[in-house]
Amino acid sequence: MPAIILKPGREKSLLRRHPWIFSGAVQHVEGEPALRQAQDIASGATVDLLSSDRDFLARAAYSPISQIRARVWTFEDEPVNKEFFRKRIRSAIQSRDTWHLTPDTSHLTPDTNAYRLIYAESDGIPGLIVDRYADVLVLQSLTAGSEFWKETLADLLLEETGLSTIYERSDADVRELEGLEPKVGLLRGTLSSPALSEAEGFIFPLTEHGLKFNVNLQSGHKTGFYLDQRANRLQVRTLAKDKDVLDCFCYTGGFTVNALAGGAKSVLGVDSSADALALAKENILLNDLPADRANFIEGDVFQLLRRFRDEGRSFDMIILDPPKFAPTAAQAERAARGYKDINLLAFKLLRPGGTLVTFSCSGGVDAGLFQKIVAGSALDAGVEAQIVAHLSQGADHPVALHFPEAAYLKGLVCYKAT
Ligand code: SAH
């Protein structure tokens, strides 16, 4: 087995079961006796991680180009093969069953057919994301290791779910860091429904808490839909009755449609993407909701909030669900300014007694820092507000206790005092 020998003392994170080894921790890499050369080890191949004293620490996938040089498959001295991955996939499916997230057992969510089946490190399969949209699995392979095992993983996913179709959306930018080209297209089976033609952009209808959403499997963000916000969209539905709602960064209308379904008086959705807004409008009609209560503006939220402030516009509920401003802690400061800006403006535009639903999906900004930023925004806006709920990603996006990086989505529901 090829091996990575760590520098003295650099085994500490592995002993705490954190699954990443950075290039700076590597003393040297040894090929198999037959190969000898580290450069002969295939990208994604399985390697042993050994301490400087050559003690076995873990078995991992080798990423020769990435700063994250190895990602751990197992801390046990066990074979990494098809049966190994079968166990991991089974365990991930069982966790979703326990949380009633699968269609067959879903008494908590009787009418939801889309959820995350495999969440990478948190499910013990770094690099692999699988979202289930009814009978279609959408797979994202993000690292050298998941790419190495992709065909095996695809076979296993079909064997363990009994499904027959996998659509691949391995087009996230992070693949570049691993030296991988983007790949999009069918990996297994067929997309048979007439709506799923390539020309139409593979539009797929999913159901979430009883509402229907058309999702573009081919070009939608992530695997097509922000499944991580499922519970929070329902929360907005329960809060929206008779309110004038401003949904900033509305994408394909996840929160907009829920606000309308919850009886909002009006909803204004804002996004910079015309394609996303076209789907948002479709999604309102798909649910027979009153389209005359919804309006959309294609534009930049930062500018629009300023314009609304200058015009003296006001709302009962404002949702802020911006894209990732800071993927890593290094960009946290710039991100903090962005969050401060939009939250401050939102507090000003809120009527007294109004509700702010504000999110950050930046891995580099943790929940504590986000709360401080929002507090600073209220202070500078000159408003009194209180937190009435803390929100996060759903149970189908679990956080392995040894991998806190998996907890990226945080949200606050704030009540503005009268
Ligand atoms: N709330 C959505 C997900 C939002 S994703 C849901 O639940 O489905 C973030 C969205 O912000 C994307 O649709 C992107 O097009 C949009 N966006 C990014 N920067 C923007 C900007 N400066 N102004 C307006 N929209 C922006």
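Would you calculate the separation in nanometres between label points at HIS221 and THR418, each defined as 7 Å from the Cα along the Cα-to-beta-carbon direction?
According to this spin-label approximation, the distance is 3.5 nm.
Taking 7 Å along the Cα-to-C-beta vector as the label spot, tell me the SER272-THR238 distance in nanometres, rounded to one decimal.
3.4
Taking R0 as 51 Å, what FRET efficiency do you get between ARG313 and ASP77 from their Cβ-Cβ distance, rounded to the nearest 0.05?
Working: r = 63 Å, r/R0 = 1.24.
The value I calculate is 0.20.
Could you run the Karplus curve 6.51 cos²θ - 1.76 cosθ + 1.60 with θ = phi - 60° over the range 306-315 and give me ³J(HN,Hα) per residue in whole Hz, x for Gly and Pro?
3J(HN,Hα) across the range 306-315, in whole Hz: 5, 4, 4, 4, 5, 7, x, 6, 8, 9.
What Kirkwood hydrodynamic radius do you get for the range 205-302 when you take the inverse of the mean 1/r over all pairs of distinct Cα atoms, in Å? Walk me through the numbers on the way to the answer.
Details: mean 1/r = 0.0766 Å⁻¹.
Every distinct Cα pair counted, the radius reaches 13.1 Å.
What whole-number distance in Å separates the alpha-carbon centres of the range 138-156 and the range 1-76?
Going from one Cα centre to the other spans 20 Å.
Can you list residues whose amide H is under 5 Å from ASP247's amide H, if they're 5+ apart or on another chain and H is modeled 1.01 Å from N?
LEU268, GLY269, VAL270, ILE319
Please list, ordered by chain and number, the residues whose modelled amide H lies under 5 Å from the amide H of TRP73; skip anything fewer than 5 residues away on the same chain.
Under 5 Å from the amide H of TRP73: ARG59, ALA60, ALA61.
Projected onto the charge dipole of the chain (+1 at Lys/Arg Cβ, -1 at Asp/Glu Cβ, origin at the Cα centre), which of ILE166, TYR226, PRO352 gives the Cα projection farthest towards the positive end?
PRO352
Would you mind pulling out the separation of the Cα centroids of the range 201-269 and the range 162-179, in Å?
24
With +1 on the Cβ of every Lys and Arg and -1 on the Cβ of every Asp and Glu, and nothing else charged, how large is the dipole of the chain about its Cα centre, in debye rounded to the nearest 20? Each step should come with its number before you reach the end.
Numbers: 46 positive and 54 negative charges, 240 e Å.
Computed charge dipole of the chain: roughly 1160 debye.
Taking only DSSP H segments of four or more residues, each worth -39500 (n - 2.57), what value at 222 nm results for the chain once the sum is divided by all its residues, to the nearest 500 deg cm²/dmol?
Values: 10 runs with 113 residues, N = 418.
Dividing the helical sum by the residues of the chain leaves -8000 deg cm²/dmol.
Given a 1.4 Å probe and heavy atoms of the protein chains only, how would you sort HIS28, HIS397, HIS18, largest accessible area at the top? Could you put the intermediate results ahead of the total?
Numbers: HIS28 80, HIS397 5, HIS18 30 Å².
Most to least solvent-accessible, the answer reads HIS28, HIS18, HIS397.
In the chain, what percent of the accessible surface is made up of carbon and sulfur (1.4 Å probe, ligands and nucleic acids excluded)? Working shown, then result.
Details: 9260 of 18130 Å².
Carbon and sulfur atoms account for 51 percent of the accessible area of the chain.
Ignoring ligands, DNA and RNA, how do HIS209, HIS402 rank by accessible area with a 1.4 Å probe, largest first?
HIS402, HIS209
Taking R0 as 41 Å, what FRET efficiency do you get between LYS183 and PHE56 from their Cβ-Cβ distance, rounded to the nearest 0.05?
Details: r = 34 Å, r/R0 = 0.83.
Here the calculated transfer efficiency is 0.75.
Taking the chain as the reference, fit the longest principal axis to its C-alpha atoms, fit the long axis of helix 367-381 to the helix C-alpha atoms, and give the angle between the two in degrees, 0 to 90, nearest 10.
30
Highest first, please rank the peptides 338-351, 364-377 by the mean number of other Cβ atoms sitting within 10 Å of their residues. Don't jump to the answer; show the numbers that get you there.
Details: 338-351: 20.9, 364-377: 18.4.
Output ranking for 338-351, 364-377: 338-351, 364-377.
Under the 0.36 nm per residue contour assumption, what length would be gained going from the current alpha-carbon distance of GLN39 and THR152 to full extension?
Details: separation 113, 0.36 × 113 = 40.68 nm, distance 2.43 nm.
Full extension of this stretch gives 38.2 nm more.
How much accessible area per residue does the chain have, in Å², with a 1.4 Å probe? Before the final figure, lay out each step's value.
Details: 18130 Å² over 418 residues.
That works out to 43 Å² per residue.
The values are calculated or read from the model by the stated rules, or taken from the named source; none is laboratory data. Just so it is clear, the structure is predicted and the values come from calculations on it, not from any experiment. All Cβ positions, even for glycine, are placed from backbone atoms using ideal geometry, and neighbour counts span all protein chains on display. Areas reflect the complete protein model, heavy atoms only, side chains present, ligands, DNA and RNA absent. Shrake-Rupley method; radii C 1.70, N 1.55, O 1.52, S 1.80 Å.
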